[in-house]
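Below is one structure, written out as structure tokens; the observations come after it.
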Amino acid sequence: MALAELSLDKAFMLLEPGPVIMVATNDGRKRNLMTISWHMVTDFTPSLALTTGPWNHSFKAMMKTKECVLAVPTVDMMEKVISIGDCSGKDTDKFKKFGLTALPAEKVAAPLVAECIACLECKVTDYIKEPGILLLQGVKAWIDNERKERRTFHANGDGTFVVDGESIDLRHLMADKLPF
């Protein structure tokens, strides 16, 4: 048998979701950005989930306002996005420090991030305290169709990342399951 045991504390790395995204918030006084890779789509509506909790500055804003923006950066923003996740919004204006442009959203007070390829305005619908899962409902979606760089990047969970590559179209095999 070629399988070797993997330490259980590294098992999450086998299923690490992607792409790395930023969560934008506005608590009524201050806007903020958080980098996160632990998120998932839960259905086609779009209903989403992400893992965070009270240890995170942005969590407090999301619980207070019940809203956020999920911003999807591309590979050309990779180092900036990782650095955003390495400092706290408690004492840092991340938009200013990292030279990002906050744009007004339409349905939430949290800002869109102009440099990202896509943004999704969301409402917080629930929080599951254990294990720290925020449930979100997308209410407005934005995409920059003119952006040349379209590749996103995915965390491996150990400080390394994978960049999107070639797309393979197998829609014909699952046409009955895809949204219109």
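Neighbouring Cβ atoms within 10 Å as the yardstick, rank Cys122, Cys87 fewest first. Each step should come with its number before you reach the end.
On the way: Cys122 30, Cys87 14.
With the fewest neighbours first, Cys122, Cys87 line up as Cys87, Cys122.
Based solely on its DSSP helices, what 222 nm [θ] is calculated for the chain when runs of n ≥ 4 H residues each add -39,500 (n - 2.57) and the sum is averaged over all residues, nearest 500 deg cm²/dmol?
Result for the chain: -2500 deg cm²/dmol, rounded to the nearest 500.
Search the structure for amide H atoms under 5 Å from the amide H of Glu115, placed 1.01 Å from N in the peptide plane, and list their residues when 5 or more places away or on another chain.
Those qualifying (amide H under 5 Å, at least 5 residues apart or on another chain) are Thr101.
Suppose every K and R has +1 on its Cβ and every D and E has -1 on its Cβ; what is the size of the dipole of the range 22-76 about the Cα centre, in Debye to the nearest 20?
On the way: 6 positive and 4 negative charges, 75 e Å.
So the magnitude is around 360 debye.
Select from the range 102-140 those GluC sites (Glu not before Pro) which occupy a DSSP coil region and have at most 13 other Cβ atoms within 10 Å, ordered by residue number. Please list the in-between numbers first.
Values: sites: Glu106, Glu115, Glu121; in loops: Glu106, Glu115.
Passing both the DSSP loop test and the Cβ count: Glu106.
Over the chain, what is the relative contact order in percent, taking alpha-carbon pairs closer than 8 angstrom and at least six residues apart?
25
Quick one: which of 161-172, 36-47, 131-142 comes out on top by average Cβ neighbours within 10 Å, and what's the full order, highest first?
131-142, 36-47, 161-172
Report which label in (1) 48, 43, 30; (2) 57, 40, 32; (3) 43, 37, 29 holds the value of Cα extents along the principal axes in Å derived from the coordinates of this structure.
(2)
Each value in this text was obtained by applying a stated rule to the coordinates, not by laboratory testing. Bear in mind that the values here come from a model prediction, so they are computed numbers and not experimental data. Glycine also receives a Cβ, built like all others from the backbone with ideal geometry; neighbour counts cover every protein chain displayed.
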